[in-house]
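Notes follow once the structure below has been shown.
Every number in this text was worked out from the coordinates using simple rules, so none of it is lab data. Bear in mind that the values here come from a model prediction, so they are computed numbers and not experimental data. Here the Cβ positions follow ideal geometry from the backbone for every residue, glycine too, while neighbour counts run over all protein chains shown.
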Amino acid sequence: MPKARAHAAAFGGTPDEVEASFYEALQSADIEKLMSCWAEDDDIVCIHPGGPRIVGAGAIRAAFDAIFAHEGSIHVHPEAIRRVDSLASAVHHVLERIEVLTSEGPAKAYVLATNVYHHTSHGWRLVAHHASPGTQDEIQEVNQTPQVLH
């Protein structure tokens, strides 16, 4: 997988840069660029909406190869991102807008994804991507409202 590692070295030193590269790879169906975002670890994990837990680089590559081979065009747009970052890890909760060109025409849905990044010896890398089944309408957030004491 030397080609993927060359891509990995190209993007820099923040979880945001890895995330941008991940979504760019999804947009362009670039499996090498997509795989370069992932850590070199046996226990990396990916869960697609309604799907099983996919463990390891080989299984993740095969799952995305199948998505990229889909007859229709698939576009994933990160729309809203909530971040929890620390020195060696970052968790990003992403509202993804998914557009798929089907034989019946374009279809759109929203998916909630959680991307987990770790700072590795190769820089920041994705270690988990978990996407939950979404809806056709934009998902609204539920925020805790601060309580005011009088």
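Could you tell me which of rounded, prolate or oblate describes the stretch 15-103, using a ≥ b ≥ c as the square roots of the eigenvalues of the alpha-carbon gyration tensor, with rounded for a/c under 1.5 and, failing that, prolate when a/b is larger than b/c and oblate otherwise? Taking the square roots of the gyration eigenvalues as a ≥ b ≥ c, the stretch 15-103 is oblate.
With each label modelled as a point 7 angstrom along the Cα→C-beta vector, the Glu99-Glu79 pair spans 1.2 nm.
Short-range pairs are left out: with C-alpha atoms under 8 Å and at least six residues apart, the relative contact order of the stretch 2-135 is 23 percent. Dipole size of the stretch 2-135 about its Cα centre, with +1 on Lys/Arg Cβ and -1 on Asp/Glu Cβ: approximately 120 debye, rounded to the nearest 20.
By the beta-carbon count within 10 Å of each Cβ, the least crowded to most crowded order of Leu95, Leu101, Leu26, fewest first, is Leu101, Leu95, Leu26.
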